[in-house]
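J.: Next up is a structure, given as structure tokens.
The values are calculated or read from the model by the stated rules, or taken from the named source; none is laboratory data. What you are looking at is a predicted structure, and each value in this text was computed from that prediction instead of being measured. Here the Cβ positions follow ideal geometry from the backbone for every residue, glycine too, while neighbour counts run over all protein chains shown. Just the protein is used for accessible areas: all its heavy atoms, side chains included, with ligands, DNA and RNA removed. Shrake-Rupley method; radii C 1.70, N 1.55, O 1.52, S 1.80 Å.
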Amino acid sequence: MLPLRYGLPLLLTLLALPVGAEVVQLKNGDRIAGEFIRASEDHVRWESDKLGTLTIEKTEILDLRTSVPLKINGVGEPCLVEGMDEEHLVYSCGDDPEPRRVPLVSLAMIIPYAELLQGDSATWTGQINLSGTYARGNEVRDDWKFRTHTEYRMVDWRHVGTLEYASYSRSKSEPDMQWGGRYSLDWFFRERWFLSSDFRYGKDETRARDRYYNFGAGTGYQFWENPLTALALTGGVVYVADKYEVPADPGPDFLREESRIAWRMGTDFRFKLPLGVSMFHRNEFVRSFEEDSDWQLTTTTGFSTLIVGQLQSEIKLDYQVDNDPQQDTEREDVRLVVGLSFEW
């Protein structure tokens, strides 16, 4: 049962809606009558009167009309959809008579408000990625990297977990190991705004880091998101702690352990190209509050192409800079990675 203070405006709005208002219209001209089920970051699930349950890409939707009170991420009150204006979903929430206009593709979760009250509102997605290099002959090389990413979302809360394992060796040398885990928790307090916390722990022998962990908190904002392109910005403060491997001949300024407080800023950009190819670019910049010269930059730029079903090919360039590297390690790392990804 909906809260009493929402009942009257919702009732009046429902009475004003025409019969048969449950319809989704696609850009190809199809109009599908039925019932709205839910929307995720990429798709809308729709129960068609004649075709059964459909999963429709948000980018293919021209108009969407439903009389069902909805829970939209970042909004605590039930909302009623009035339709779409180009790529924007137009809706009113609670007692506020002023309609809101937000791009449909930027709304990460929409569910019937009744599901929220019943506690049936969680979604789970994930990705597994495998890439590597095997060479014999004039060059002997074994590089392997495994990565898994999962996301669990319950209305305005998003839990994200990532695990990585990599092994890099050359000319039959002892491989450098790299592994780590990351957990993030985001809370959407508005449609495009969210607060975030982040914890990481791992090991990176390529940069002489025997162990590392950090904990950060901040906020994020989705500047724009449409069928072709999107840009999001995150920023905040992070506590970083490192324990380094001892070099063969430690210098006088070598420190076995080091910790610092730094500010962190990151961006996430994507652009959709023809023929099902997508380009993406992500970067993160971290700089210590105490020393301006102590900063790190990590970027990933690449392209992904759908092969079949949920299987994708991916090629990306990873670039890392540690402006204050450890003894016997390089300031910059560049790695070209080709692999396969499976999403669910």
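J.: How large is the Kirkwood hydrodynamic radius of the stretch 117-171, in angstrom, based on all distinct alpha carbon pairs?
T.: Numbers: mean 1/r = 0.0717 Å⁻¹.
Result for the stretch 117-171, one decimal place: 13.9 Å.
J.: Let me ask something additional. Return P(r) of the stretch 200-258 (all Cα-Cα pairs; 10 Å bins starting at 0; whole %; ordered from short to long distances).
T.: 19, 30, 23, 18, 8, 1
J.: In sequence order, what are the phi-derived ³J(HN,Hα) couplings for the stretch 295-312 according to the Karplus relation 6.51 cos²θ - 1.76 cosθ + 1.60 with θ = phi - 60°, rounded to whole Hz, with x for glycine and proline?
T.: 9, 9, 10, 10, 10, 9, 10, x, 9, 10, 9, 6, 8, 6, x, 9, 9, 10
J.: Please give me, ordered by residue number, the trypsin sites (Lys or Arg not before Pro) of the stretch 99-150 that lie in loop per DSSP and have at most 13 other Cβ atoms within 10 Å.
T.: Details: sites: ARG100, ARG101, ARG136, ARG141, LYS145, ARG147; in loops: ARG136.
Here the trypsin sites (Lys or Arg not before Pro) that fit, given the DSSP loop and packing criteria, are ARG136.
J.: In terms of the ratio Rg/(2.2 N^0.38 Å) built on C-alpha atoms, what value belongs to the stretch 143-251? Can you show the working numbers first?
T.: Details: Rg = 17.8 Å, N = 109, 2.2 N^0.38 = 13.1 Å.
In units of the 2.2 N^0.38 Å rule of thumb, it is 1.36.
J.: Also, I was wondering about something else. For LYS172, LYS27, give me the order by solvent-accessible area with a 1.4 Å probe, most accessible first, ignoring ligands, DNA and RNA.
T.: So the residues, ranked largest to smallest area, are LYS172, LYS27.
J.: Let me know the Kirkwood hydrodynamic radius for the stretch 197-309, please, with Cα pairs as the basis and the value in Å to one decimal.
T.: 16.6
J.: Let me ask something additional. Rounding to the nearest 10 and keeping the result within 0 to 90°, find how far the Cα-based axis of helix 4-16 lies from the longest principal axis of the chain.
T.: 60
J.: State the extension gain, in nm to one decimal, for the chain segment bounded by ASP96 and GLU332, taking 0.36 nm per residue of separation less the distance between their alpha-carbons.
T.: Working: separation 236, 0.36 × 236 = 84.96 nm, distance 5.26 nm.
Gain in length upon complete extension: 79.7 nm.
J.: Over all Cα pairs of the chain, how is the pair count split among 10 Å bins, expressed in % and running from 0 up to the last occupied bin?
T.: Once binned at 10 Å, the Cα pair distances of the chain give 5, 20, 28, 21, 14, 8, 3, 1, 0.
J.: On alpha-carbon atoms, Rg over Rh for the stretch 48-97 using Kirkwood Rh?
T.: On the way: Rg = 12.5 Å, Rh = 12.4 Å.
The Rg/Rh ratio comes out at 1.01.
J.: Follow-up question, since we're still on this one. Give me the accessible area of ILE37, 1.4 Å probe, in Å² rounded to the nearest 10.
T.: 40
J.: Could you compute Rg(Cα) / (2.2 N^0.38 Å) for the stretch 268-344, with N its residue count? Please list the in-between numbers first.
T.: On the way: Rg = 16.2 Å, N = 77, 2.2 N^0.38 = 11.5 Å.
Against the compact-globule rule of thumb, the ratio is 1.41.
J.: Report the full-extension gain for the segment THR305 to THR133: residue separation times 0.36 nm, less the Cα-Cα distance, to one decimal in nm.
T.: On the way: separation 172, 0.36 × 172 = 61.92 nm, distance 1.99 nm.
Result: 59.9 nm gained on full extension.
J.: Extension gain VAL237-TYR165, at 0.36 nm per residue separation less the Cα-Cα distance, in nm? Display every interim value, and only then the final one.
T.: Values: separation 72, 0.36 × 72 = 25.92 nm, distance 2.64 nm.
Length difference between fully extended and current span is 23.3 nm.
J.: Let me ask something else about it. Tell me, what is a quarter of the convex hull surface for the C-alpha atoms of the stretch 74-150, in nm² with one decimal? Before the final figure, lay out the partial values.
T.: On the way: hull surface 35.0 nm².
Result: a mean projected hull area of 8.8 nm².
J.: Using heavy-atom solvent-accessible surface (probe 1.4 Å) with all chains present, what is the largest-first order of MET109, MET177?
T.: Values: MET109 5, MET177 45 Å².
Per-residue accessible area, sorted high to low, gives MET177, MET109.
J.: Magnitude of the Cβ-charge dipole of the chain, K/R +1 and D/E -1, about the Cα centre, nearest 20 debye?
T.: Details: 38 positive and 56 negative charges, 140 e Å.
The dipole magnitude comes to about 680 debye.
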